[in-house]
Every structure is written in C-alpha cells, then in structure tokens.
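As structure tokens, the structure follows; a few thoughts come after it.
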Amino acid sequence: MVANLERLGTGVLPPDDPLRVQLHNELHARPTPRIRLPALVLQVAVRHEGVSREDELEHLRRLAGLGELELDQLAGTYLRLRLAGGSLRWERHTEFSTYTLVQSLPGLEVTPETDLLNHVIVDPDWLRGIPGRTLAALKLIMLEGPVEKALEIARPWFAGGTVVASVMGRNGHSCVVTDFRLRSNGFERMVVVAPAGTSETRAGRIAARLLEIESYRMMALLGFPVARGLREMLLESEQALAQITARIRDTNRADAELLDELEALAARIEHAIAEHSYRFSATAAYHALVKARLAELRETPIPGTQTLGEFLQRRFSPAMATVESTASRLMALSQRIERAGALLRTRVDIALETQNQELLNKLRRGQEMQYQLQRTVEGLSIAAISYYVVGLLYYLFKAGKEVGLPLSPELAAGLTIPVVVLGVWWLTRQIHHRLLGRYQGD
C-alpha cells in the first residue's frame with residue numbers, strides 16, 4: 001500500500017514546491033553518529049574562508065581508497081566516509097568545516113605523555129594538510145565504566161590537574177570530564193565514561209553534543225576580539241556626539257558646520273555596523289546553540305567539581321555579554337546620532353522658514369509699494385489720456401465752428417472734460433478688471 005502511494009504521489013498531490021525535497025531532507029542532513037565504546041573521537045574544525053568545496057574534495061581524495069570520490073557527493077553539507085578501522089565525517093557549515101574521525105580506542109597505558117595521534121587510522125600529515133585555519137581541535141575519549149567512578153577513571157588522562165565534570169542525563173547515564181586546556185599538539189581533551197551496554201546511538205548523541213559545544217563556543221568567541229577592538233572607537237564617538245549635542249544648544253554655532261561633523265560621525269558608525277553586524281549576529285546565534293547544547297546535556301554536579309555549564313557561565317558568558325553590549329552600543333549610538341541629526345535639521349528648517357517668512361514680508365511690502373506706484377501711474381495716465389482726448393475734441397469743435405455751427409470751441413471743450421475724465425477712468429477700470437479676471441482664471 002505504501003509503495004503504491006509512493007508511486008502515485010505525483011498523481012494524488014499538487015505539483016511539488018521546488019524546495020520541498022531539500023527542506024524535508026534537512027531533517028536528515030546530519031544524522032547522529034553511531035559509536036561503539038570504547039572509542040576515540042577526534043574532531044578538527046577549520047574556518048574555510050577562501051576554501052572551496054573542490055579544495056576540500058581534493059583533500060578527502062587523498063585518503064587511501066577514496067580516489068573515486070566525486071564533487072556531486074559534496075553537493076550537500078555532510079558526507080560520511082568508511083575507512084579501515086573507523087569512519088570520517090565531513091560537514092561544511094556557513095563559516096567552518098569539521099572533520100570528525102571515529103575509531104576504536106587504542107589499547108595503551110595512560111601517561112601524561114600519551115599521544116593518541118600516533119594511533120589514529122589516518123596519516124597525521126593528512127590532518128595537518130586539511131585546507132583552512134584550525135579553530136578547534138578536540139580528542140574525545142569515550143570509555144566504559146561505572147559513572148560513580150568516572151573521575152577516578154578519567155583523571156589519569158589529565159595528569160592529575162584541575163578538571164570540570166558533569167553527570168549527564170536525567171538518569172545519570174554518563175559522565176564527562178575535561179579541563180578545557182590546549183595540549184602541545186593543539187588538541188583539547190575530553191573523557192566520557194559510560195556504563196557497559198550503552199547503546200551506540202546514545203554514545204553518538206553524547207559525542208555530537210560535546211563536539212558541537214566546543215566548535216560553536218569557538219565560533220561564538222570570534223566576536224569577542226572585534227568587540228574589544230571597537231571599544232575605544234565607541235568611547236570616542238560617544239564623547240564626540242555628546243559634544244555636538246551640547247553645541248547644538250549654542251545658537252551662535254554654524255548649523256552647517258555641526259551637520260558636517262554629525263554626518264562624518266554617522267558615516268563612521270554606520271561603517272562599523274555594516275562591517276561587524278554579521279559577526280555580532282553570528283556570535284549571538286552560536287551562543288544560543290552553545291546554551292541549547294548545554295541544556296540538552298541535563299548536567300548534574302559532582303560534589304567538589306564545577307560542571308561544564310558553570311565553568312562556561314563564569315568564563316564564556318562575560319565574553320558574550322561584551323559582544324552583546326558592543327552591538328547594542330553601536331545600534332544605540334546610531335539611533336542617537338539620527339535623533340541629533342533630526343534635531344539639528346529641524347533647527348535648520350525653522351531658521352530657513354524664518355528667513356523665508358522675512359523674505360515674503362519684504363516681497364509683500366515691495367508689492368504694496370509697487371501697487372501704490374501703479375495706482376499713481378494709473379491716475380497720471382488717466383489725466384494724460386483725458387488731456388489728449390479733450391485736445392482732440394477741441395480741434396473737432398473748432399472745425400465745427402468753421403463750418404458754421406454755433407459753437408464756442410473753448411466752452412465746449414471745457415464742458416467735455418468731466419465726461420472725458422470719467423469715461424477714461426471707467427475704460428481703464430474695465431481693462432484692469434478684465435486682465436485680473438484672466439489671471440485668476442489661469
């Protein structure tokens with residue numbers, strides 16, 4: 001029945017979204033390893049900036065018997081290779097790649113000088129040639145034994161030094177012991193003690209969580225030196241902003257000069273945000289993953305010994321708080337600069353509005369004077385036009401007298417003056433109203 005449904009899948013369902021298979025298979029992208037105790041798990045995490053998949057493929061091919069490995073096998077982000085005596089897991093993350101070797105634990109006497117690298121199933125030169133820059137390297141020694149004697153079993157691996165340890169799981173199914181110290185060969189060391197009969201799946205989950213805690217912890221800490229490097233610049237920028245804000249109150253200062261200084265400061269801060277925001281966001285994400293993996297361990301303390309979570313809380317969390325504080329200061333400073341700029345631009349706009357109002361008042365007064373002059377000119381124009389019209393009428397009356405009309409040219413011209421002046425005034429007003437009506441209509 002299931003097989004029939006699988007064959008009919010494309011017929012009984014709408015067409016698949018192009019990302020459906022990829023998104024669904026993400027649940028199975030990194031399967032939990034199966035580890036049989038006792039075992040040695042060795043992981044090297046490298047930053048792969050400038051390293052392509054082709055480079056990693058070429059290095060994986062150098063392992064004996066893997067010459068047929070093709071690039072399409074690295075199309076995803078995970079690959080498990082079977083080797084003689086164990087297996088190698090390759091995983092490519094956003095910023096780093098991990099190479100995890102799982103093999104049986106060599107039988108040898110434990111001394112402070114014991115170097116398990118001499119007993120790994122791959123050539124140490126191959127490990128040295130992994131493309132990228134080493135960020136974390138961990139040897140996880142997984143032993144069988146009673147959990148209540150885990151410290152006694154694990155201490156020889158740490159030469160009697162101070163260690164941190166936790167009993168893991170609700171039922172205390174295993175114990176992890178470490179000192180978080182780098183050895184001369186560049187590796188850290190962790191020892192896990194679990195009772196005989198621990199399933200391979202449980203052992204794999206324990207190993208995966210511990211390895212992820214270490215690699216994600218180191219990736220999270222990449223933001224710490226960046227945050228420390230920005231400390232002086234942030235202090236100088238905050239002081240500069242305080243000075244600019246104080247000078248904004250001084251009305252004798254040139255607003256254009258303050259705006260230039262504020263824009264230069266804003267450009268400096270925005271450049272820092274653009275350059276480092278990804279690092280700070282990544283640090284927050286990796287920190288969240290570390291906390292999640294620690295919570296999954298469900299640690300129970302061993303009397304007289306710090307747990308992994310307590311150790312990291314006291315030493316790792318302050319660094320994360322510094323990164324978070326620096327990121328918050330950058331964003332807060334950017335917002336304060338924006339508010340100061342808005343305040344200064346508001347003052348500049350008010351000053352411009354005041355200047356524009358004064359200019360409009362001057363223009364209004366000029367227009368009033370022009371109007372008065374225009375009225376005066378109109379009065380003079382009426383008088384002049386009336387003078388010429390009366391003159392023409394005088395000559396007309398004079399001509400009428402010559403043809404025998406009983407008229408006195410002087411008297412007739414004088415009597416027409418009021419009528420001419422009134423007519424010229426009326427005609428001028430009609431022309432004025434008609435031109436004003438056309439202007440308003442436009």
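The values are calculated or read from the model by the stated rules, or taken from the named source; none is laboratory data. Source: prediction; values computed, not measured. Neighbour counts are summed over all protein chains in view; Cβ atoms, including those assigned to glycine, are modelled from backbone coordinates with ideal geometry. Quick note on the areas: whole protein, heavy atoms, side chains included, nothing else; ligands and nucleic acids left out. Shrake-Rupley method; radii C 1.70, N 1.55, O 1.52, S 1.80 Å.
How much accessible surface area, in Å² rounded to 10, belongs to the heavy atoms of F397 with a 1.4 Å probe?
For F397, the solvent-accessible surface is approximately 40 Å².
In the stretch 215-333, if the dipole is taken from +1 on Lys/Arg beta carbons and -1 on Asp/Glu beta carbons about the Cα centre, which of L259, A292, A319 is farthest to the positive end?
Of the listed residues, the answer is A292.
For the pair D55/L360, report the inter-label distance in nm, with labels modelled 7 Å from Cα in the Cβ direction.
Placing both labels 7 Å beyond Cα along the Cβ direction yields 6.6 nm.
List the relative contact order of the stretch 78-211 as a percent without decimals, with contacts defined as Cα pairs under 8 Å and 6+ residues apart.
Working: 176 pairs, mean separation 26.2, N = 134.
Over the stretch 78-211, the number comes to 20 percent.
Roughly how many percent of the accessible protein surface of the chain is carbon and sulfur, given a 1.4 Å probe and a whole-percent answer? Walk me through the intermediate numbers first.
On the way: 14950 of 26650 Å².
Ligands and nucleic acids excluded, carbon and sulfur give 56 percent.
Counting Lys and Arg as +1 and Asp and Glu as -1, each charge on the Cβ, what is the dipole of the chain about the Cα centre in debye, to the nearest 20? Provide the component values of the computation, followed by the final result.
Details: 52 positive and 51 negative charges, 179 e Å.
That gives a dipole near 860 debye.
At 222 nm, what helix-only mean residue ellipticity would the chain give, in deg cm²/dmol to the nearest 500, using -39500 (n - 2.57) for each DSSP H run of four or more? The partial results should precede the final answer.
On the way: 12 runs with 253 residues, N = 442.
When only DSSP H runs of four or more count, the value is -20000 deg cm²/dmol.
If contacts are Cα pairs under 8 angstrom and at least 6 residues apart, what is the relative contact order of the chain in percent? Walk me through the numbers on the way to the answer.
Details: 502 pairs, mean separation 59.4, N = 442.
Relative contact order, the chain: 13 percent.
If you take the square roots of the eigenvalues of the alpha-carbon gyration tensor of the stretch 84-175 and sort them as a ≥ b ≥ c, do you get rounded (a/c under 1.5), prolate (a/b over b/c) or oblate? Mind dumping the intermediate values first?
Values: a/c = 1.92, a/b = 1.50, b/c = 1.28.
Judged from the Cα gyration tensor, the stretch 84-175 comes out prolate (a/c at least 1.5, a/b above b/c).
Given a 1.4 Å probe and heavy atoms of the protein chains only, how would you sort M142, M218, largest accessible area at the top? Please report the intermediate quantities before stating the final value.
Working: M142 0, M218 50 Å².
From most exposed to least exposed: M218, M142.
Just the accessible area for T77, please: 1.4 Å probe, Å², rounded to the nearest 10?
Estimated to the nearest 10 Å², T77 gives 50 Å².
If DNA, RNA and ligands are ignored and the probe is 1.4 Å, what is the ranking of D179, D115, D260 by accessible area, most exposed first?
Numbers: D179 25, D115 50, D260 95 Å².
Ranked from most to least accessible, the order is D260, D115, D179.
Please give the solvent-accessible surface of R217 in Å², to the nearest 10, using a probe radius of 1.4 Å with every protein chain present.
Near enough 40 Å² of accessible area.
Could you put D55, D17 in order of accessible surface area, largest first, with the 1.4 Å probe and the full protein assembly present? It would help to have the intermediate numbers written out before the result.
Numbers: D55 70, D17 95 Å².
Heavy-atom accessible area, descending, gives D17, D55.
With a Förster radius of 30 Å, plug the Cβ-Cβ distance of R128 and R298 into 1/(1 + (r/R0)^6) and report the FRET value to the nearest 0.05. Intermediate values should be presented prior to the final figure.
Details: r = 37 Å, r/R0 = 1.23.
Taking R0 as 30 Å, the efficiency between R128 and R298 is 0.20.
Which entry in [x] 21.6, 62; [y] 21.4, 66; [z] 45.6, 159 matches Rg and Dmax of the Cα atoms in Å derived from the coordinates of this structure?
[z]
What angle, in degrees between 0 and 90 and rounded to the nearest 10, separates the Cα long axis of helix 317-402 from the longest principal axis of the Cα atoms of the chain?
10 degrees
Name the residue from T77, F280, I431 whose Cα lies farthest towards the positive end of the charge dipole of the chain, charges +1 on Cβ of Lys and Arg and -1 on Cβ of Asp and Glu.
Result: I431.
Rounded to the nearest 0.05, what FRET efficiency is calculated for A351 and R231 with R0 set to 45 Å and r the Cβ-Cβ distance?
Working: r = 38 Å, r/R0 = 0.84.
It comes out at approximately 0.75.
Taking square-rooted eigenvalues a ≥ b ≥ c of the alpha carbon gyration tensor, is the stretch 112-158 rounded, prolate or oblate, where a/c under 1.5 means rounded and, failing that, a/b exceeding b/c means prolate?
On the way: a/c = 2.81, a/b = 2.32, b/c = 1.21.
Since a/c reaches 1.5 and a/b is larger than b/c, the shape of the stretch 112-158 is classed as prolate.
Please work out the FRET efficiency for the pair R434 and L13, using the Cβ-Cβ distance as r and a Förster radius of 60 Å; give the result to the nearest 0.05. Working shown, then result.
Numbers: r = 79 Å, r/R0 = 1.32.
Calculated value: 0.15.
Taking springs between alpha-carbon atoms closer than 10 angstrom, which of G145, G204, G129 fluctuates most in the Gaussian network model of the chain?
G129
Report, in degrees rounded to the nearest 10, the 0 to 90 angle that the Cα long axis of helix 255-297 makes with the longest principal axis of the chain.
Helix 255-297 and the main axis of the chain meet at about 30 degrees.
For the chain, report the accessible area per residue in Å² (1.4 Å probe, heavy atoms, rounded to an integer). Walk me through the numbers before you get to the answer.
Details: 26650 Å² over 442 residues.
About 60 Å² of surface per residue is accessible.
How much net charge surrounds A288 when only other residues with a Cβ under 14 Å from its Cβ are counted (Lys, Arg +1; Asp, Glu -1)? Walk me through the numbers on the way to the answer.
Working: positive: R217, K291, R293; negative: E212, E296, E324.
Its environment carries a net charge of 0.
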